[in-house]
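Beneath this line is the structure, given in structure tokens, with notes to follow.
The values are calculated or read from the model by the stated rules, or taken from the named source; none is laboratory data. The structure presented is a predicted model; accordingly, all values stated were derived computationally and were not measured. We place every Cβ from the backbone using ideal geometry, glycine too, and count neighbours over all the protein chains shown.
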Amino acid sequence: MNLEENGGVKGSDDVVKKKMMPPAKRTRRLLIVKKLSCFRSSDYGYPTVEKVDADGNVDMESAAADKRHSPTHLVVMVNGLIGSAKNWRFAAKQFLNKYPNDLIVHCSKCNSALATLDGVDVMGARLADEVISVIQRHPNLHKISFIGHSLGGLIARYAVAKLYTQDCTNQSCEGNGNYISQEKLEKSVTEVNFCSKHNSNGKIGGLEPINFITIATPHLGSRGHRQVPMFCGIRILERLGYHTSGVLKRTGRHVYLKDKIDGQPPLLVQMANDTEDLKFISALQSFKRRVAYANVLSDHLVGWSTSSIRYRSELPKVNTPWMNSDGADVIQHMVDNFFV
């Protein structure tokens, strides 16, 4: 048996000597690491309590919370393409710092890395199942909010439709679950009636829906002129992106609206309205507060129109964009305006 790599026995008689670091040097190194620990990316200077279940899901609570009362508001954070739950650690800690006694933050784990290529519907169903398991672990919960980044916003929209527990009718943009055509997608989602009503009777997973927030989410997909900024509006590059979207598997087909099957509209078109099986718009209407954050500049993958659900003519004028594009400022704005 060869244990040379472990500093053990090389053969029957030859012993490999492992060079040991002097004790004084080891002590100095440990002190340096300890002093620098405040700069670790996972800490961010704010103490939290993280509870991990058997599946590796993490629920975060403030270490400064009043132990006599359990938090009643669940915040579900959903990552984007090829992302992971770790992407949300900084934001999660900012929310817990602001509302230590009110929130439990769950950074979703079920759709990470290559699993984000499985399609919006599959990922949305997975997220819905994950949220149910979180709710079951915390019987004191009464409220729920969702925050989705990029593709995570679409995943969250699908999940809340799966979790919607009230069959509301006549509250969609176009009537009782009738599908709208692909050509009417942009017009439909920019109508005044798009989630303009608040349905106070709806529940998400049996909890009261409070905030639904998306950040740079391609609500209208990536198909069309200037929807993907990195193509610089060059149509030949936009066509190339469309034809090579299969690299992103089912997710690519969904965001490029290429998933017409058996006469059914693409999934994102269906999600612009209530359907017979899933009440996408009614579920969104049940939230007290709905916000879509969009990047005016510097987002190379998700354009202004698709993330803000507005026409390009409505693009706001920013005098000093380099001073108003810090991601931390967006997080702080979310925290400061969050409904608890």
Item to check | Pair list, Cβ under 6 Å, 6 or more apart: region 115-140 residue assigned by TED's automatic domain parsing to the domain that holds Val76 and more than 21 Å from Leu278 (Cβ to Cβ), other residue outside any helix (DSSP H, G or I) and among the small types (Gly, Ala, Ser) | outcome: Asn140/Ser70
Checklist outcome for this item: Counting only residues that are free of Cβ contacts under 8 Å to residues at least 40 places away in the same chain and touching a Gly at 6+ places or on another chain (Cβ under 9 Å), region 261-307 contains a total of 1
Item to check | For His149: the one exception among (1) touching a Ser or Thr at 6+ places or on another chain (Cβ under 6 Å); (2) more than 17 Å from Leu103 (Cα to Cα) | outcome: (1)
Next on the checklist: Can you pull out every residue in region 189-227 that is surrounded by fewer than 21 Cβ atoms within 10 Å (Cβ to Cβ), over 23 Å from Asn337 (Cα atoms) and either at pLDDT 80 or above or not assigned by TED's automatic domain parsing to the domain that holds Ile144 (or both)?
Outcome noted: Gly206, Gly224, His225, Arg226
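Please specify each residue of region 279-289 satisfying the condition of being surrounded by fewer than 20 Cβ atoms within 10 Å (Cβ to Cβ) and either in contact with an Asp or Glu (Cβ under 9 Å, 6 or more places away or on another chain) or among the hydrophobic types (A, V, I, L, M, F, W, C) (or both).
Taking region 279-289 first, the residues surrounded by fewer than 20 Cβ atoms within 10 Å (Cβ to Cβ) are 288-289.
Result: Lys288, single match.
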Item to check | In region 245-271, residue farthest from Gly224 (Cα to Cα) [restricted to those that are hydrophobic (A, V, I, L, M, F, W, C) and modelled with pLDDT under 95] | outcome: Ile261
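Got a sec? Which helices (runs of 4 or more DSSP H) wholly within region 243-310 have at least 2 residues that are touching a Leu at 6+ places or on another chain (Cβ under 7 Å) and closer than 15 Å to His219 by Cα?
Working: elements: 249-255, 267-270, 280-285, 304-308.
Qualifying helices (runs of 4 or more DSSP H): 249-255, 267-270, 304-308.
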Checklist entry - Is it the case that Glu238 is in a helix (DSSP H, G or I), in contact with a Gly (Cβ under 9 Å, 6 or more places away or on another chain), at pLDDT 70 or above and farther than 26 Å from Met77 by Cβ? => result yes
Next on the checklist: Could you check region 141-175 and list, in sequence order, the residues that are over 24 Å from Leu248 (Cα atoms), in a loop (DSSP other than H, G, I, E, B) and modelled with pLDDT of 95 or more?
Outcome noted: Leu141, His142
Item to check | Matching residues, region 69-92, being in contact with a strand residue (DSSP E or B) (Cβ under 9 Å, 6 or more places away or on another chain), aliphatic (A, V, I, L, M) and in contact (Cβ under 8 Å) with a residue 40 or more places away in the chain | outcome: Leu74, Val75, Val76, Met77, Val78, Ala91, Ala92
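Residue-wise test of (1) within 18 Å of the chain's Cα centre (by Cα); (2) of a type in the set (A, V, I, L, M, F, W, C); (3) at pLDDT 95 or above; (4) buried (at least 18 other Cβ atoms within 10 Å of the Cβ).
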residue: Pro229; (1), (2), (3), (4): no, no, no, no
residue: Ala294; (1), (2), (3), (4): yes, yes, no, yes
residue: Ser305; (1), (2), (3), (4): no, no, no, yes
residue: Thr320; (1), (2), (3), (4): no, no, no, no
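For the structure I just gave you, tell me whether Asp121 is buried (at least 18 other Cβ atoms within 10 Å of the Cβ), within 18 Å of Val340 (Cβ to Cβ), of a type outside the set (Phe, Trp, Tyr) and modelled with pLDDT of 95 or more. Reasoning before the result, please.
Details: buried (at least 18 other Cβ atoms within 10 Å of the Cβ): yes; within 18 Å of Val340 (Cβ to Cβ): no; of a type outside the set (Phe, Trp, Tyr): yes; modelled with pLDDT of 95 or more: yes.
The answer is no for Asp121.
Being at pLDDT 80 or above and surrounded by 12 or more Cβ atoms within 10 Å (Cβ to Cβ) is the filter here; which residues of region 322-338 pass it? Write out each step before concluding.
First pass over region 322-338, keeping only residues at pLDDT 80 or above: 329-338.
Selection gives Val330, Ile331, Gln332, His333, Met334, Val335, Phe338.
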